[in-house]
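Enquirer: Here's a structure for you.
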Amino acid sequence: MNTNIYTDGACSGNQHDSNVGGWGAVLEYGKHTKEIFGGEINTTNNRMEMQALIEALKTLKKDGLTVNVFSDSSYLMDCFRKKWYEKWLQNNWKTSSKSDVENKDLWVELLDLVGLHNVNFYRIKGHLNINHPSTNTEKWFKKFVEWNGSDFTKDDFLYVAKMNNLADALANKGIDLNK
C-alpha cells in the first residue's frame with residue numbers, strides 16, 4: 001500500500017524581514033489520514049514548501065515505503081524530477097553558475113529523508129478552484145497528465161487538486177500561528 005502526501009507552503013510578505021510563513025501537509029495511508037501544519041517568521045515560500053515535505057516525511061513510522069508526493073511547488077518538484085541535487089552534490093553544493101545552492105540546510109535534510117523511501121514526485125497546479133464555473137478543469141487535467149503521465153484519471157486529478165487545496169489551507173493555518 002502506498003502513502004500519499006500532499007504538501008504546500010505559503011509566505012505572507014515573502015522575502016521581507018517581517019514575513020510569516022506556513023507549511024501544511026496531508027498524509028494518507030489506506031483509510032488513515034493525518035493533517036499537519038506549522039510556520040515560522042522571516043522565511044520564504046520555497047523554504048515553507050520544503051518544510052512541508054520534510055515534516056510529512058518525518059511523521060512516517062517506518063522506512064522503505066512507497067510514497068507519492070503531490071505538490072504545486074515547481075522548485076521542489078523540479079529538484080527531484082530533473083535531479084538537480086545530483087549536480088549540486090557533484091559540485092559541492094554549487095549551482096551550474098557556481099553560486100551556493102539556496103536552502104542547502106533543508107535540501108540536506110530532505111535528501112536524507114527521501115533516501116529512506118521509494119518516492120514518486122507529482123506536480124499539480126496550485127490554487128485550483130475546481131468548483132468554480134470559470135475554472136477550465138479539462139485544461140488543467142491535460143496539464144497534470146502532461147506533467148505526470150497518463151496513469152491518472154480525471155477523478156484522480158480532481159482529488160489531488162482538492163487535497164492540494166487542503167494542504168494550502170493548512171499552510172495558511174501555519175501562518176496564523178505566527179501572526
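A short reminder: the numbers here are calculations on the coordinates, not readings from a lab. Predicted model, so just to flag it, every value in this text is computed and none were measured. Backbone-built Cβ (ideal geometry, glycine too); neighbour counts: all protein chains shown.
Enquirer: If you count the DSSP beta bridges with both ends in the chain, what percent of them are antiparallel, to the nearest 5? Show your work: numbers first, answer last.
Expert: Values: 21 of 32 bridges.
Counting only bridges with both partners in the chain, antiparallel ones make up about 65 percent.
Enquirer: Only counting other Cβ atoms within 10 Å, I'd like M1, M48 sorted with the fewest neighbours first.
Expert: Details: M1 7, M48 28.
Neighbour counts put them in this order, fewest first: M1, M48.
Enquirer: Percentage of Cα-Cα pair distances in the stretch 129-179 greater than 18 Å, rounded to whole percent? Don't skip to the answer; put the middle values down first.
Expert: Numbers: 531 of 1275 pairs.
Result: 42 percent of Cα pairs exceed 18 Å.
Enquirer: I've got another one for you. Please compute, for the alpha-carbon atoms of the chain, the extent along each of the three principal axes and give them in descending order in Å.
Expert: Ordered largest first, the chain gives principal extents of 45, 37, 34 Å.
Enquirer: If R0 is 22 Å, what FRET efficiency do you get for T66 and D151 from their C-beta distance, rounded to 0.05? Kindly include the intermediate steps, with their values, before the conclusion.
Expert: On the way: r = 14 Å, r/R0 = 0.64.
With R0 = 22 Å, the Cβ-Cβ based efficiency is 0.95.
Enquirer: Kindly flag which residue pairs out of K82/K143; K34/K94; K61/K98; K31/K162; K58/K82; K31/K83 have an alpha-carbon separation exceeding 26 Å in this structure. If you can, show how the numbers build up before the last one.
Expert: Working: K82/K143 18 Å; K34/K94 36 Å; K61/K98 38 Å; K31/K162 17 Å; K58/K82 24 Å; K31/K83 32 Å.
Checking Cα-Cα distances, K34/K94; K61/K98; K31/K83 exceed 26 Å.
Enquirer: Select from the stretch 78-118 those chymotrypsin sites (Phe, Trp or Tyr not before Pro) which occupy a DSSP coil region and have at most 16 other Cβ atoms within 10 Å, ordered by residue number.
Expert: In loop regions of the stretch 78-118 (DSSP not H, G, I, E or B), the sparsely surrounded chymotrypsin sites (Phe, Trp or Tyr not before Pro) are W93.
Enquirer: Please work out, to two decimal places, the log10 of the ratio I(q)/I(0) at q = 0.13, 0.19 Å⁻¹ from a Debye calculation in which every Cα of the stretch 31-107 carries one identical scatterer.
Expert: Cα-only, vacuum Debye calculation for the stretch 31-107: -0.49, -0.97.
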